[in-house]
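What follows is a single structure, written as structure tokens, with notes after it.
The values are calculated or read from the model by the stated rules, or taken from the named source; none is laboratory data. All of these numbers come straight from a predicted model, not from anything done at the bench. Here the Cβ is made from the backbone with ideal geometry for all residues, glycine too, and neighbour counts use every protein chain on show. These area figures cover heavy atoms from the full protein model, side chains too; ligands, DNA and RNA do not enter into them. Shrake-Rupley method; radii C 1.70, N 1.55, O 1.52, S 1.80 Å.
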Amino acid sequence: MRMPFPKKWLIIALILLVIALPLLLRAKSANAGKPVQAQTVALQAIRPTILASGTLAYRTEVALTAEVTAKVTEILVAEGDDVAAGQLLLRLDPESYRNAIEREAAGQEQNRIGIERQNVALELRRKQFERTEKLFKAGMVDKSRFDEDRNQLQLADVELKASREALKRAEAVLADAREQLSKTEVRAPIKGRVVALPIKVGETAIPSTMSLAGAQLMTIADTSAIQAELKVDEGDIAKIVVGQRVDIFAAAYPEQALQGRVEKIALAPTVENQARAYKVTVQLQAPAELKLRSGMSCRAEIFLSDGSKQLAVPVEAIISEDKDGKRTERSVVLLQAGQARKVAVQIGISDDRWQEVRSGVKAGDMVVTGPSQTLRELKDGDKLSQAEAEDKDGKDVAP
């Protein structure tokens, strides 16, 4: 007959198991090393970018303003109409300028009549002087009479020259009056589309570059070509060069990247609220089906490299340490034979994911990427075990 197992021994065995199990697990964990995530050093495509914002603008856009002051009498186009270069767009009241032409034409005719009269008077003075000269040589008139007739001839000649100059002036004034009259008809300077038409019939157009009522007549643009005008902070402008690739995201199409290239970089900054920025113009290649308009806000990613592959590690693998407040030392921790080995590295360009490493590691090395707190506490010789990492979607990936 089997003897029953004493209950007290069962209880003692369970207590010993509870005490021993954590000790055994801790010993096993110590032998296995600290769990870390690691990744192989390899060539990666690095695309560092600068973020900027701005607006879209038609590549060719002309704002028409009045060159003379007059009331708008007729508008021959509507907003959205396509126009040809030289096409008549609107008329201003020409009455006052026609009156000016008539007035100046009458003055010009008076000058011509005056010149004819002075030509006759000059010829008369010349003949009179010729007779006086003969008589003076014959001793029949005195010297004072001779001098007087000569002076009268010279004076008539000067008055004729003055009248001829006055005629030139009158002709110039008349030409200016005719030019002013021609400016009462506003024509399209380019082929394009009317994108803005703020003026109305009956309003008075005024020649001004300021934002005054009547100063702007209409805006014509070539809507087939559009560009982006970005504001780049002064701290980043030195990294921008002509020809760099840019992805533009218009407010109306926030998920669609419009590819472009940097075309122009302003030499002088614009100052807003004591912040300095430089205007960067980007030439866009926009699909025709997109309804892009001038003035739309946009954001931009300006790529600083061509995306060629460089030896790189994840950015989270880089450890930065301040040395004496004068320099920053950067390093990574390598996983070699289950142990940590910290090495100094020289870095290059980087993007949101990858950091170029120019020296200190080679392709195929295993570099520790996390956890971040563990990474900063590691020392040379620490035992490590490679744990499963999580990708950006939160899924486990193989070490």
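Of note:
- Being of a type in the set (A, V, I, L, M, F, W, C) and touching a helix residue (DSSP H, G or I) at 6+ places or on another chain (Cβ under 9 Å) is not true of Val313.
- First in region 343-361 and of a type in the set (Ser, Thr, Tyr), second anywhere and open to solvent by 60 Å² or more (accessible area, probe 1.4 Å), Cβ under 9 Å, 6 or more apart: Ser359/Ala344; Ser359/Gln346
Results for (1) open to solvent by 80 Å² or more (accessible area, probe 1.4 Å); (2) in contact with a Pro (Cβ under 8 Å, 6 or more places away or on another chain); (3) without any contact (Cβ under 8 Å) to a residue 24 or more places away in the chain, shown as yes or no for each residue.
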residue: Ile46; (1), (2), (3): no, no, no
residue: Gly54; (1), (2), (3): no, no, no
residue: Lys71; (1), (2), (3): yes, no, no
residue: Asp81; (1), (2), (3): no, no, no
residue: Gly86; (1), (2), (3): no, no, no
residue: Ile101; (1), (2), (3): no, no, no
residue: Lys137; (1), (2), (3): yes, no, yes
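- Residue list for region 349-361, restricted to those being in a strand (DSSP E or B) and surrounded by 15 or more Cβ atoms within 10 Å (Cβ to Cβ): Ile349, Ser350, Trp354, Gln355, Glu356, Val357
- Sub-6 Å Cβ pairs linking a first residue in region 366-385 that is assigned by the TED database to the domain that holds Glu321 to a second residue that is of a type in the set (Lys, Arg) and at pLDDT 85 or above, at least 6 apart or interchain, are Asp380/Arg341; Asp380/Lys342, ordered by first then second residue.
- Strands (runs of 3 or more DSSP E) (entirely within region 42-134) containing at least 1 residues that are within 31 Å of the chain's Cα centre (by Cα) and at pLDDT 90 or above: 49-65, 88-92
- Ala156 meets all of the listed conditions (1) assigned to a helix (DSSP H, G or I); (2) of a type in the set (Gly, Ala, Ser); (3) open to solvent by 40 Å² or more (accessible area, probe 1.4 Å) but one, namely (3).
- Of everything listed in (1) open to solvent by 40 Å² or more (accessible area, probe 1.4 Å); (2) touching a helix residue (DSSP H, G or I) at 6+ places or on another chain (Cβ under 6 Å), the single unmet condition for Glu234 is (2).
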